[in-house]
Amino acid sequence: MSIITNCTRMWLTRSVKPFLFQREYDEALPYGDCRDLGLYVHIPFCRTLCGFCPYCKEVYDRERCDRYLDALIREIHQVGGPERKRVTSLYFGGGTPALAAERLGEVIAALEDHFIITQGIGVELSPDDVTVPVLRTLREAGVTKVSIGVQSFQEKYQTMLGRRGADRRAMAEALARVPFETVSMDFIFALPGQTFQDLRVDLETAFLTGANHVAIYPFIDFSFTAGGISPMGRGEKRTLLDRITRWCLEQGYVRTSIWTFASQAGAGYSSMTRDNFLGFGCSAATLLGDQFKINTFSVEEYCGRMDRGTLPTALTLRFTPRQRMVYYLFWTAYSTRVDAAAFEEFFGVSLKKMYGLELALAKGLGLVTERSGVYEMTLKGAFYYHYYENFYTLAYIDKMWGLLRREAFPEKMVL
Ligand SMILES: C[S@@+](CC[C@H](N)C(=O)[O-])C[C@H]1O[C@@H](n2cnc3c(N)ncnc32)[C@H](O)[C@@H]1O
Ligand code: SF4
């Protein structure tokens with residue numbers, strides 16, 4: 001597996017140089033020309049911990065969560081800088097950010113001291129958080145989008161994932177009483193035995209329950225999660241992905257990214273495809289200019305660093321220009337299209353000049369089509385992106401998160 005990702009990295013970056021992450025960082029971030037900057041805030045607390053979930057989180061404790069939020073506000077003021085900057089969206093992820101619902105307004109106000117948020121605020125919710133009081137608190141704090149981690153409406157998959165069933169009627173009622181611009185619901189697919197009918201019923205139920213956007217994430221078996229669920233084989237997964245994609249398109253849903261579909265114009269929920277982003281809190285990543293940084297995964301060490309007024313960065317990677325381009329293309333392809341003009345505007349060099357050969361090859365293999373310099377992924381291309389993404393996740397994210405779960409501030413990491 002790492003042979004595939006290493007060879008691809010060397011080919012696309014035209015260099016044998018690996019991604020080298022080190023225990024170093026700049027106290028003042030290189031804001032410079034940071035167009036399309038998005039904000040992300042991580043809240044690492046959950047009521048109970050799900051065995052399959054790789055994210056940075058621990059069991060909720062009120063006092064510990066309050067201490068964490070105080071540290072978070074300190075980090076925001078330290079990083080934010082004196083000038084108010086325009087940013088796109090703000091997303092709260094976790095964990096279960098709704099456990100801190102009462103104080104999210106305070107966190108948003110701290111961010112608004114430094115940033116002008118132009119495209120709304122999103123919060124990840126667990127089905128248990130979808131109640132009128134929680135939704136009202138979020139709306140009053142300025143939240144415009146919610147993403148609910150349903151995973152499956154069906155009992156057999158809820159049991160397989162060790163989750164409690166979502167109370168569909170209660171969710172529908174609460175969402176009808178407190179509406180949001182985007183109501184997205186997350187589902188996990190490619191679970192053992194899952195069929196097209198299972199998935200279709202889940203998506204139909206989501207839209208009937210008040211969603212106007214859905215995300216269908218392929219199940220990934222991380223090396224450090226509980227295990228016990230075997231991922232679906234390649235052929236079966238491809239058929240399932242192709243059928244559910246075709247079905248969504250037949251219903252008139254718009255594909256907003258490789259795994260997401262919207263039933264209404266303007267609905268969208270994506271914290272992943274920004275050119276630049278600033279992350280706050282444990283495990284949050286930042287990408288600014290040529291720097292990629294990731295914060296410590298330890299709540300204790302995070303709070304300790306902020307008490308001392310030092311940033312909680314665990315590792316920093318300084319991209320070479322080619323590495324930065326590969327990273328840009330990988331995440332832009334997540335939206336299923338790459339615009340050559342946007343690439344040229346961002347990097348000051350033509351996409352054809354840098355990756356003409358690869359694009360011609362992708363066209364020849366039927367992975368993309370091109371119209372006026374915009375490359376659109378075909379169904380076949382989407383499957384292979386999807387398939388490769390699984391290797392990427394296991395080769396990069398699994399290793400990085402695995403290490404950061406064991407060590408608060410590792411000396412270095414080579415990928
Ligand atoms: C950070 S989780 C937060 C969701 C929320 N706390 C909840 O549990 O309802 C975001 C999403 O990641 C997806 N996810 C978590 N573990 C996954 C895995 N092992 N493979 C694929 N998707 C996963 C789930 O769909 C989940 O809703
Ligand atoms: S899936 Fe959601 S509730 Fe479960 S552990 Fe992960 S973040 Fe927490």
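FYI, it's all coordinate maths here, none of it is from the lab. In this text the structure is predicted, and so the values were computed from the model without any measurement. So basically every Cβ, Gly included, is an ideal-geometry build from the backbone, and we count neighbours across all protein chains shown.
Relative contact order of region 20-262, taken over Cα pairs closer than 8 Å and 6 or more residues apart, is 16 percent.
Using 0.36 nm per residue of separation minus the Cα-Cα distance, give me the extension gain between ALA341 and ARG139 in nm, one decimal.
Working: separation 202, 0.36 × 202 = 72.72 nm, distance 3.71 nm.
This chain segment gains 69.0 nm when fully extended.
Can you sort LEU69, LEU208 so the residue with the fewest Cβ neighbours within 10 Å comes first?
By the 10 Å Cβ count, ascending: LEU208, LEU69.
Legend: helices of the chain (whole DSSP H runs) are marked when their alpha-carbon atoms reach 15 angstrom or more along the helix axis and their mean Kyte-Doolittle hydropathy is at least 0.0; marked are 2-13, 101-112, 196-209, 351-364. Note on region 42-177: Cα-Cα pairs beyond 20 Å make up 50% of the total pair count. The H on the amide N of PHE189, modeled in the peptide plane, is under 5 Å from the matching H of TYR217, PHE219, each at least 5 residues off or on a different chain. In plain terms, if you count all Cα to Cα distances in region 20-262 and split them into 5 Å steps from zero, the share in each step is 1, 6, 12, 16, 17, 16, 14, 9, 6, 3, 0 percent.
With bins 20 Å wide beginning at 0, the percent of Cα pairs of the chain falling in each bin runs 25, 62, 13. When shorter helices are ignored and each DSSP H run of at least 4 residues is given -39500 (n - 2.57), the per-residue value for the chain at 222 nm works out to -12500 deg cm²/dmol.
Normalised by the number of residues in the chain, the average gap of Cα pairs under 8 Å and 6 or more apart makes the relative contact order 20 percent.
Provide PHE297, PHE383 in ascending order of the number of other Cβ atoms located within 10 Å of each residue's Cβ, fewest first. Provide the component values of the computation, followed by the final result.
On the way: PHE297 26, PHE383 20.
Listed from fewest to most nearby Cβ atoms, that is PHE383, PHE297.
Normalised by 2.2 N^0.38 Å, where N is the number of residues, the C-alpha radius of gyration of region 164-250 stands at 1.22.
Between ASN390, ASN212, ASN295, which gets the highest mean-square fluctuation from a Gaussian network model of the chain, Cα cutoff 10 Å? In this elastic network of the chain, the residue with the biggest mean-square fluctuation among ASN390, ASN212, ASN295 is ASN390.
Using Stokes-Einstein with the Kirkwood hydrodynamic radius over Cα pairs, what translational diffusion coefficient do you get for region 295-389 at 20 °C and a viscosity of 1.002 mPa s, in µm²/s rounded to a whole number? Intermediate values should be presented prior to the final figure.
Working: Rh = 15.7 Å.
D = 137 µm²/s.
In this structure, the amide hydrogen of PHE115, modeled 1.01 Å from its nitrogen in the peptide plane, lies closer than 5 angstrom to those of LYS85, counting only residues at least 5 positions away or on a different chain. Taking the number of Cβ atoms within 10 Å of each Cβ as an exposure proxy, the fewest-first ranking of ILE117, ILE148, ILE43 is ILE117, ILE148, ILE43. Between the amide H of GLY94 and those of ILE43, distances stay under 5 Å, these residues lying 5 or more places away or on another chain, with hydrogens modeled in the peptide plane.
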